[in-house]
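A short write-up of the structure that comes next.
The values are calculated or read from the model by the stated rules, or taken from the named source; none is laboratory data. Nothing here was measured: the structure is a model prediction, and the numbers come from that model. Positions of Cβ are generated from backbone atoms using ideal geometry, with glycine treated the same way; all protein chains shown enter the neighbour counts. With ligands, DNA and RNA removed, areas are computed over all heavy atoms of the protein, side chains included. Shrake-Rupley method; radii C 1.70, N 1.55, O 1.52, S 1.80 Å.
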Amino acid sequence: MAKENVKLTGVQKAAILFITLGPEASAGIIKKLPESEIQKITYEIANISAVKSDQKQEILQEFMEMNKAKDYLTEGGIDYAKNLLAKALGNQRAMEILDKVTEATQQFRPFAIARKADAQQLLNIINNEHPQTIALILCYLQPDKAGQILSSLPEDTQSEVAYRIATMSNTSPMVVKEIEKVLDDKLSSVVKSDMKVIGGVSTIVEILNQVDRTTEKNITEGLEKEDAELAEKVKESMFVFEDIITLDDVSIQRVLREVETKELALALKGCSEEVANSIFRNQSKRAAAALKEDIEFLGPVRLMDVEKSQQRIVSVIRRLDEAGEIVISRGGEDAIIV
């Protein structure tokens, strides 16, 4: 995801939008979507690794503007929508939004990456280009961004570029395409520093932890069809050993009946006092004392062995949860009625 020079699909934008909105808000929306769309979006969320720092805000803004434009179109048609949007955002931005809503020219408009780039980045790249090339590029940029770049050019270049813009008429599509490709290649070398890590397995886990059991099950099953290994990573991350403290006492007692004492002792080796106490208080005094002795008698152990024991116990918890024998606290409508 978030590869330079690749136009984001609607599903990819939706994935970034959900990340931007956060787990709680996203959970409320995602469970109302068709199952096929949920699976596509959650797959994209889980596979996002990086995105331009301004991209989340840009997509959120686009989402709000597109919804507003759709409302206006429904109320009074394209002229009505254009007039209202133009008053709020200006003629050019209004047309850009309407083009997207009506699936018209925006999809094929050249220099899409340049329009998203920072003005200073563009200036640094095109500063030494021929005035005719600079003029062509500025013609495809937003007026405010083009104005920033033009005002930052050397004075003798400013007037020359302005003249060429004013007198420019028809330009060969092949020339436009060639200049766009060269510019995109140059931009790709500088935008990497403007990236930050978002999304991934941890993000989709945060969202899934806020939805109800049915939605979670539909999503994980969909992920399994797309990528079984990824689905397993998501499942493993949804409940970790330390999350035992979130289980109610009855559930912990049910888990303990499925786990051997030796396994439990190894898993508790070096864990937090809070986690250990959640286990001890759900045992008889004699069993808790015996477990504490087993932990002490273990002596030094490899971290790898501890983690494997913890993961085996987590697998037991997941199995009991799926069977409905215990309850893992979730968001959404997965509340407990007493």
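Could you check how many residues of segment 108-140 are in a loop (DSSP other than H, G, I, E, B) and either more than 35 Å from the chain's Cα centre (by Cα) or under 13 Å from Leu187 (Cβ atoms) (or both)? Residues that pass the stated criteria total 6. Return the residue satisfying two criteria in turn: it lies in segment 159-174 and is open to solvent by 100 Å² or more (accessible area, probe 1.4 Å) and at pLDDT 80 or above, and of such residues it is farthest from Gln142 (Cα to Cα). Result: Met174.
Test Ile328 against the criterion of being out of contact with any Asp or Glu (no Cβ under 6 Å at 6 or more places or on another chain) and either touching a residue at least 24 places away in the same chain (Cβ under 8 Å) or in a loop (DSSP other than H, G, I, E, B) (or both), and give yes or no. When the stated conditions are applied, Ile328 does not pass them.
Only residues that are out of contact with any Cys (no Cβ under 9 Å at 6 or more places or on another chain) and assigned to a loop (DSSP other than H, G, I, E, B) were counted across segment 143-171, and they come to 4. Residue selection: Glu236 satisfies the criterion of being surrounded by 14 or more Cβ atoms within 10 Å (Cβ to Cβ) and under 28 Å from Lys40 (Cβ atoms).
Somewhere in segment 308-320, is a residue part of a loop (DSSP other than H, G, I, E, B), surrounded by fewer than 14 Cβ atoms within 10 Å (Cβ to Cβ) and either out of contact with any Asp or Glu (no Cβ under 8 Å at 6 or more places or on another chain) or at positive phi (or both)? No - not one qualifying residue is present in segment 308-320.
Scan segment 35-52 for residues that are at pLDDT below 70 and either surrounded by 14 or more Cβ atoms within 10 Å (Cβ to Cβ) or not assigned by the TED database to the domain that holds Leu17 (or both) and jot them down. Ala50, Val51 - these are the residues of segment 35-52 that are at pLDDT below 70 and either surrounded by 14 or more Cβ atoms within 10 Å (Cβ to Cβ) or not assigned by the TED database to the domain that holds Leu17 (or both). All but one of (1) open to solvent by less than 30 Å² (accessible area, probe 1.4 Å); (2) at pLDDT 75 or above hold for Glu96; which doesn't? Glu96 satisfies every listed condition except (2). Mind checking which residues of segment 321-338 are open to solvent by less than 50 Å² (accessible area, probe 1.4 Å) and either at pLDDT below 80 or within 15 Å of Ala267 (Cβ to Cβ) (or both)? Residues satisfying the conditions are Ile328, Arg330, Gly331, Asp334. Within segment 131-157, the set of residues being surrounded by 13 or more Cβ atoms within 10 Å (Cβ to Cβ) and over 25 Å from Gly90 (Cα atoms) comprises Pro131, Gln132, Thr133, Leu153, Thr157.
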